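Shown next, in structure tokens, is the structure this report addresses.
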Amino acid sequence: MTEQLKSIILKATQAQSIIQITQIQQLWSGYGQMMRCTLAGGIQPSAVVKHVQFPEATNHPRGWNTNLSHQRKLKSYHIEMSWYDSLATRCDKACRVPQIYHLTDQSHEMLMVMEDLNVAGYPIRKSEVSKIEMKACLSWLAHFHAKFMGVRHGKLWDMGTYWHLATRPDELAAMNDRPLQGAASAIDQTLTNAKYQTLVHGDAKLANFCFSVDGLQVAGVDFQYVGHGCGMKDVAYFLSSCLHEEDLTHCESELLTFYFEVLKKALTQYGQRIDFEEIQQEWSYLYDYAWADFYRFLDGWSPGHWKMHSYSKNIRDRVLKDLS
């Protein structure tokens, strides 16, 4: 870490010195790293630093090393900074996100110095979850969607999620599933034309939630693909990240019912004057479309992916039949 970078971190956190720097993870495709800085003095005992550095050559895990891919990643980091700079402070404890201490956006690198959620009461990361813990994440999503219902912001993705059709022409062209490929635009338009739009997290997988010790509270991180869209995109993607096909079949109804129950209360809590029965009817219908939309991306990006199971295929079949 350079002395200039250390100076920025110390100033942002009002700390006297950095005691230790620990790497949390490398960013996707070698675009930098996440670090935890243990501090002496200052507003918190530690801070998390997201340091984005643009590589001369990228190393995508699945071989998608194109200029389009590079430009999409660059835009995603700019959008994440815009999110933290403009909208993140609207989030409350029910859709908790890290507080930002400093943002730097330069031509060759970006720097985000933020609250360490481990210190804030969310120290647990999970690769498997109980139903109670899944509901904690769904509650976060429901509050997030209610909080930002109808919000538009020009510096976010026009359509959120990292798999949005307009940003994935290479993956669309690589699809093996010709009927789904032919329906891709219609599926996208159905979601885009939904009457009720909110902000979606855009990458709401299990790994992007930090848990309290008791598993009842969560905070969300990684807002590179936050943007406008139907909330079912987040819900379908989250469920795909933590349940296999048998569990999805058995738990779908219960978990969607829970999400909508929380969404109804959150809309009232945030003073959103919306016909809840209408939004529930629309979004329940669009759940299949959101799932099929992600399935479309997987078919081109990683054929045979473990999420392309019978539950997903059944949804794909229902959507194609609905469009015929």
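Details
- Extreme residue, surrounded by the most Cβ atoms within 10 Å (Cβ to Cβ), among residues of the range 204-224 that are within 12 Å of the chain's Cα centre (by Cα) and of a type in the set (S, T, N, Q): Gln224
- Residue list for the range 88-121, restricted to those being more than 24 Å from Phe148 (Cα to Cα) and among the charged types (D, E, K, R): Asp105, Glu109, Asp116
- Among (1) assigned to a loop (DSSP other than H, G, I, E, B); (2) closer than 18 Å to Ser284 by Cα; (3) not basic (Lys, Arg), the one test that Ala204 misses: (2)
- Met175 in contact (Cβ under 8 Å) with a residue 12 or more places away in the chain, over 23 Å from His305 (Cα atoms) and surrounded by 16 or more Cβ atoms within 10 Å (Cβ to Cβ): no
- Qualifying residue in the range 265-277 (condition: surrounded by 20 or more Cβ atoms within 10 Å (Cβ to Cβ), at pLDDT 95 or above, among the β-branched types (Val, Ile, Thr) and in contact with a helix residue (DSSP H, G or I) (Cβ under 9 Å, 6 or more places away or on another chain)): no
- For the range 225-251, the tally of residues that are surrounded by fewer than 24 Cβ atoms within 10 Å (Cβ to Cβ) and assigned to a loop (DSSP other than H, G, I, E, B) stands at 2.
- So Val113, is it out of contact with any Asp or Glu (no Cβ under 6 Å at 6 or more places or on another chain), in a loop (DSSP other than H, G, I, E, B) and not hydroxyl-bearing (Ser, Thr, Tyr): no
- The condition (being over 23 Å from Tyr289 (Cβ atoms), not in a helix (DSSP H, G or I) and not β-branched (Val, Ile, Thr)) is satisfied by just one residue among Lys195, Lys135, Lys126: Lys126.
- Lone qualifier among Ala292, Ala266 - being of a type in the set (Gly, Ala, Ser) and under 18 Å from the mean Cα position of the chain (by Cα): Ala292
- So Ser69, is it closer than 26 Å to Val200 by Cβ and among the small types (Gly, Ala, Ser): yes
- The one condition from (1) of a type in the set (Val, Ile, Thr); (2) within 16 Å of Ile132 (Cα to Cα); (3) surrounded by 23 or more Cβ atoms within 10 Å (Cβ to Cβ) that Val200 does not meet is (2).
- Val151 being assigned to a loop (DSSP other than H, G, I, E, B), over 18 Å from Gln224 (Cα atoms) and of a type in the set (A, V, I, L, M): no
- The range 25-36, residues that are surrounded by 14 or more Cβ atoms within 10 Å (Cβ to Cβ) and of a type outside the set (Ser, Thr, Tyr): Leu27, Trp28, Gly30, Gly32, Gln33, Met34, Met35, Arg36
- Residues of the range 307-324 classified as in contact (Cβ under 8 Å) with a residue 60 or more places away in the chain and not charged (D, E, K, R), total: 7
- Filtered residue count, the range 3-17, keeping only those that are in contact (Cβ under 8 Å) with a residue 40 or more places away in the chain and surrounded by 15 or more Cβ atoms within 10 Å (Cβ to Cβ): 5
The values are calculated or read from the model by the stated rules, or taken from the named source; none is laboratory data. Just so it is clear, the structure is predicted and the values come from calculations on it, not from any experiment. Using ideal geometry, Cβ is built from the backbone for each residue, glycine included, and neighbour counts are taken over all protein chains shown.
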